[in-house]
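A short write-up of the structure that comes next.
The values are calculated or read from the model by the stated rules, or taken from the named source; none is laboratory data. Because the structure is a prediction, the values reported are computed rather than measured. Ideal geometry is used to build each Cβ from the backbone, glycine not excepted, and the neighbour counts take in all protein chains shown. What goes into the accessible areas is simple: the full protein's heavy atoms, side chains included, and nothing from ligands, DNA or RNA. Shrake-Rupley method; radii C 1.70, N 1.55, O 1.52, S 1.80 Å.
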Amino acid sequence: MAVVGTTVKKIDGIEKVTGTAQYVTDLVLPRMLHGKIKRSPYAHAKIVRLDTRKAEALPGVRAVMTAADVPPKLLGTLTLDQYFVARDRVRMVGEPVAAVAAETLEIAEEALDLIEVEYEELPAVFDPEEAMKLDCPVVLHEDYDRYERLIPIADMDPRPPNVWQCYRIRHGDVEAEFKKVEEEGGLIVENRYSTGYVHTAPMEPHGAVAQWQPDGSVTVWTSNQSSYIVRDELCQVLDLPPSKVRVIIPFVGGAFGGKLEIKPEPFCVVLARKARRPVKIIYTREEELACTAARTPFIFYIKDAVTRDGLLRARKVTSIFHGGGYTGEGFLKPIFSTHLYPGSYRLPALHVDSLGVYTNRIPPGALRGFGCAESAFPVETQMDIIAEQLGIDPVELRLRNLLSEGERTAITMPAHAIGAHECLVKCAAAIEWGKPSEQPGYPWKRGKGIALGNKYSFAPTASSVELKVLEDGSFELRTSAVDLGQGAYTVLCQIVAEEFGVGVDKVKLITPDTQVTPFDHVAGSSRQTYHTGNATKGACDDAKRQMFELAAKRLSEKFGKKVTPRSLTTSGGKIYQKRNQQISMDISDLFVVEMLAGKRPAEVEIIGKFTWVVNAIPADPNVGQSEQPMAYMGHGAQACEVDVNVETGEVRVVRFVSAIDVGKAMNPQGVEMQNFGGVTMGIGIALHEELCFDGGRITNANFMDYKIPSIMEVPLERYMTSIIVEVPHGKGPYGAKGAGEIVIVPTLPAIGNAIYNAIGVRIWDSPITPEKIIKALQAAGKA
């Protein structure tokens, strides 16, 4: 292939590095107002009184809105349990209760202070293990059983009142396997693990602009991961028809899963309607970190049974997910997090109970690796513990238990395009696994760690693409895929260029605009290369079919011999016979017809269209079995070498290797950047990043105190190795799979295993901070 599989510069790179790329923040409309949102200071309270009259009277204020201005419509991803603006009760600090639009930001902020809200504070619950008790005195959603749910949860009789999700996997007889392994002198390993609160922390916070049009429609510009999700949710909560809502997504300054739901958008729409002027809302950094969905914690109880020769026989997991005040995108996480358990290893018996629980903290959302990154921590730590106790090398133990191509997993799904073996072997070789680490000298100790990971891509889902052939032989690609910085637009343009044998510069991109571009589900779950890529390839085939049918007629007339569409191909702006390239014409000649009035397109416009759909076979939530619960499964492995200061607990990652199976590297440099960027984020999550709370209030909602990695916390480029593995997927475009999420899944356990290898103590709760290391060393008598 000439274009696919080669490194191509990002098509939006020049705009970004020169500062000409336009983000929502940059958008300024005539007579535009500035909006701000009034938020609850309480984790749990009734709204007794809400008075906006003083704010409305403030000079420069043009609109004030509360729940009284909108229909009482509940919002949610798969459980409708939240009003976008609180009506009579708040369940988290930062929940919106009102909003204003004013001539300036300063006036809007002053107006917020003039809105009088009287609350009756209620008892709150912050510990999910307390919240999930049948007799918990704090119940967040008394009406839960009456909420609309789009998918069922597992049977619970009775259901603890704060448990909003229950998903189970039942495969084999775990208790019989545990008993058999014990009788045969095998190994039982049982531990508790937990993860912390982590935020996506994009450089660009949430933002939106809304403007009503004379025909009664509204245009919304937003920084989001899906134009159609935004449109549909706005229609749902504001009782608007889809034909009256247009959503445009310009450049997006990062998301990582954090921009999947409407946040400022409905406030902009309602305020703009009341003020009859455009309204813009851009979140502050504090609002972004404290008031939007985060990767909320899991608690894992995991028990493994292994034979003396290192074969896994049974695994039992109970996971408890901190659900926050509302389910949001998090409704799916207790389900999707379970995909990791059967994804890499052969498990004759698997027993999983995965619960989501309401608490009075920020709601759960997506963050790169949705669920699998958290589940990998206990699973891959267990594998190292098992290896040590059995005296088997950790890499060898993993290799003995890996699934083979076509083998049924513990949820009955056949394993396909499983690159885990190759990733693991190459990773171990690159980190020099069999060679002991060279010690740097006291107080530093050095060790190596390794881990596997897998990441599903969800289904059902769909992508539609249109491709217009232009009169000059170039192409216009219309897509609602969203490039969040990962290079999706470049990959899609590469596909068009490959299919027509032209350069990427011949492809013009029309980006998300629900009035212009066809449906695409979302930029998430590592789906755009696979799904939108397939749709793009299909649209190219449809456009070529139309081209060749027109060209066959013209060439037959021109050369006086029958030319069939099937005999034609295209490259370099020409259409020609495969076996005789002399029988040819320019693509541009398809569009020229001499008329008295000049020239016009011939017969019809050439617009290729294709919709790629992947369905799923829903699993019964009581047993979790399905042959096709997802689109595909991606695999990867990582290894690292770390230094640990036994006096301060500081950890330095000195070397890192990341091997990911992408099926086909559409743009190798783009994959490499995904690898490096994902490792950097993974290091931050493993060692530094955590939202801290005082009750329900976040205390470090700024970049001074929320510690994302800087250049000082990651290895220099020469100490980071990116390995691309290509095990083609049978249904991927050119065999490709996604690359954006798998890269972050093994990072935490790889680092945790390396720390143990260095100092001989384990940290069971992430992030692995210096304080936790010192406490563990002291408890083990090693400090």
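Over the heavy atoms of Met132, what accessible area does a 1.4 Å probe trace out, to the nearest 10 Å²?
About 40 Å², rounded to the nearest 10.
Where in the stretch 514-567 are there trypsin sites (Lys or Arg not before Pro) that are in a DSSP coil and have at most 12 other Cβ atoms within 10 angstrom of their Cβ?
Counting only loop positions with at most 12 other Cβ atoms within 10 Å, the trypsin sites (Lys or Arg not before Pro) in the stretch 514-567 are Lys561, Lys562.
How long are the three semi-axes of the equivalent ellipsoid of the stretch 470-564, in whole Å, if each is the root of 5 times an eigenvalue of the C-alpha gyration tensor, listed from largest down?
That gives 31, 12, 12 Å for the three semi-axes.
Along the charge dipole of the stretch 172-237, Cβ charges K/R +1 and D/E -1, which of Phe178, His206, Val189 sits furthest on the positive end?
Of the options given, the answer is His206.
Rounded to whole Å, give me the distance from the Cα center of the stretch 259-279 to that of the stretch 364-406.
Taking the Cα centre of each part, the stretch 259-279 and the stretch 364-406 sit 45 Å apart.
Per residue, what accessible area does the stretch 644-783 have, given a 1.4 Å probe and all protein chains present, in Å²?
Details: 5400 Å² over 140 residues.
Dividing the accessible area of the stretch 644-783 by its residue count gives 39 Å².
If you rank Phe251, Phe475 by how much accessible surface each has, with a 1.4 Å probe, what is the order from largest down?
Phe251, Phe475
Output ³J(HN,Hα) for the stretch 239-255: one whole-Hz value per residue in order, computed from phi by the Karplus curve 6.51 cos²θ - 1.76 cosθ + 1.60 with θ = phi - 60°, and x for Gly and Pro.
Each residue's phi maps through the Karplus curve to give 6, 10, x, x, 5, 9, 10, 10, 10, 10, 10, x, 4, 10, x, x, 8 Hz.
Once phi is turned into ³J(HN,Hα) by the Karplus curve 6.51 cos²θ - 1.76 cosθ + 1.60 with θ = phi - 60°, what whole-Hz value does each residue of the stretch 427-436 show in order, with x for glycine and proline?
So the J values, rounded to whole Hz, are 5, 4, 5, 5, 8, 6, 4, x, 9, x.
Taking the convex hull of the alpha carbon atoms in the stretch 635-741, what volume per residue do you get, in Å³?
Enclosed volume per residue, from the Cα hull, is 142 Å³.
Compare Asp157, Asp353, Asp520, Asp239 by solvent-accessible area with a 1.4 Å probe and give them largest first, with all protein chains kept in place.
These residues rank, largest area first, as Asp157, Asp239, Asp353, Asp520.
Going toward the positive end of the dipole of the chain, with +1 on Lys and Arg Cβ and -1 on Asp and Glu Cβ, which of Pro363, Leu390, Leu340 do you reach last?
Leu340
Please give the charge dipole size of the chain, origin at the Cα centre, charges +1 on K and R Cβ atoms and -1 on D and E Cβ atoms. Round to the nearest 20 debye.
1980 debye
Can you flag which of Lys506/Lys737; Lys10/Lys468; Lys38/Lys707; Lys16/Lys244; Lys435/Lys782; Lys263/Lys772 are past 30 Å Cα-Cα?
Details: Lys506/Lys737 25 Å; Lys10/Lys468 22 Å; Lys38/Lys707 27 Å; Lys16/Lys244 32 Å; Lys435/Lys782 25 Å; Lys263/Lys772 36 Å.
With Cα atoms farther than 30 Å apart: Lys16/Lys244; Lys263/Lys772.
State, as an integer percentage, the relative contact order of the stretch 392-460 based on alpha-carbon contacts under 8 Å between residues 6 or more apart.
Values: 37 pairs, mean separation 15.9, N = 69.
Contact order relative to length: 23 percent.
Based on alpha-carbon positions alone, could you give the equivalent ellipsoid semi-axes of the chain from the gyration tensor, as √(5λ), descending, whole Å?
43, 38, 24
Would you please name the GluC sites (Glu not before Pro) within the stretch 404-488 that are DSSP coil residues with at most 14 other C-beta atoms within 10 Å of their C-beta?
Sparse-neighbourhood loop GluC sites (Glu not before Pro): Glu405, Glu407, Glu432, Glu438.
Would you work out the charge dipole size for the stretch 78-210 about its Cα centre, treating the Cβ of every Lys and Arg as +1 and the Cβ of every Asp and Glu as -1, and quote it to the nearest 20 debye?
Numbers: 12 positive and 30 negative charges, 129 e Å.
That gives a dipole near 620 debye.
Please express the Cα-Cα pair-distance distribution P(r) of the stretch 18-134 as a list of whole percents, one per 10 Å bin, running from 0 to the bin with the greatest distance.
Values per bin, smallest distances first: 12, 33, 31, 16, 6, 1.
Between rounded, prolate and oblate, where does the stretch 406-501 land on the alpha carbon gyration tensor, with a ≥ b ≥ c its root eigenvalues, rounded for a/c under 1.5, else prolate if a/b exceeds b/c?
Working: a/c = 3.12, a/b = 1.93, b/c = 1.62.
Because a/c hits 1.5 or more and a/b exceeds b/c, the stretch 406-501 counts as prolate.
Skipping prolines and chain starts, which residues have an amide H placed within reach, meaning under 5 Å, of the one on Gly356, given they are 5 or more residues away or on another chain?
Those qualifying (amide H under 5 Å, at least 5 residues apart or on another chain) are Trp164, Gln165, Cys166, Phe321.
Starting from the stretch 656-728, pick out the chymotrypsin sites (Phe, Trp or Tyr not before Pro) whose DSSP state is loop and whose Cβ has at most 15 other Cβ atoms within 10 Å. Let's see the in-between values first.
Numbers: sites: Phe656, Phe676, Phe693, Phe703, Tyr706, Tyr719; in loops: Phe703, Tyr706.
Taking the stretch 656-728 and a limit of 15 other Cβ atoms within 10 Å, the loop chymotrypsin sites (Phe, Trp or Tyr not before Pro) found are Phe703.
Given axes a ≥ b ≥ c from the Cα gyration tensor, I'd like to know whether the stretch 467-521 is rounded (a/c under 1.5), prolate (a/b larger than b/c) or oblate.
Oblate, since a/c reaches 1.5 and b/c is not below a/b.
Ignoring ligands, DNA and RNA, what percent of the 1.4 Å accessible area of the chain is carbon and sulfur?
Carbon and sulfur: 51 percent of the exposed surface of the chain.
Could you tell me the center-to-center distance, by alpha carbons, between the stretch 78-117 and the stretch 12-48 in angstrom?
The stretch 78-117 and the stretch 12-48 have Cα centres spaced 15 Å from each other.
So what are the three principal axis dimensions of the stretch 689-733 from its Cα atoms, in whole Å, longest to shortest?
In descending order, the Cα extents are 49, 32, 13 Å.
With point charges of +1 on the Cβ of Lys and Arg and -1 on the Cβ of Asp and Glu, referenced to the Cα centre of the stretch 1-151, which listed residue (Met65, Pro137, Thr6) lies farthest in the positive direction of the dipole?
Selected residue: Thr6.
Counting only heavy atoms of protein chains, what accessible area per residue, in Å², does the stretch 109-264 have with a probe of 1.4 Å?
Per residue, the stretch 109-264 has 43 Å² of solvent-accessible surface.
What does the C-alpha gyration tensor say about the overall shape of the stretch 305-374? Classify as rounded when a/c is under 1.5, otherwise prolate if a/b is larger than b/c, or oblate.
It comes out prolate by the Cα gyration axes.
Going by accessible area, probe 1.4 Å, with all protein chains left in place, what is the ranking of Met32, Met712, largest first?
Result of the area sort, largest leading: Met712, Met32.
Please work out how much accessible surface Arg361 shows to a 1.4 Å probe, ignoring ligands, DNA and RNA, in Å² rounded to 10.
Approximately 40 Å² of Arg361 is accessible to the 1.4 Å probe.
Roughly how many whole Å is it from the C-alpha centroid of the stretch 738-783 to that of the stretch 477-532?
Value for the Cα centre distance between the two parts: 39 Å.
Taking the solvent-accessible surface of protein heavy atoms with a 1.4 Å probe, what is the per residue accessible area of the stretch 500-590 in Å²?
Heavy-atom SASA per residue in the stretch 500-590 reads 45 Å².
In square angstrom, rounded to the nearest 10, how much accessible surface does Trp764 have for a 1.4 Å probe?
Accessible area of Trp764: about 80 Å².
Counting only Cα atoms, I'd like the Rg/Rh figure for the stretch 114-169, Kirkwood definition for Rh.
1.09
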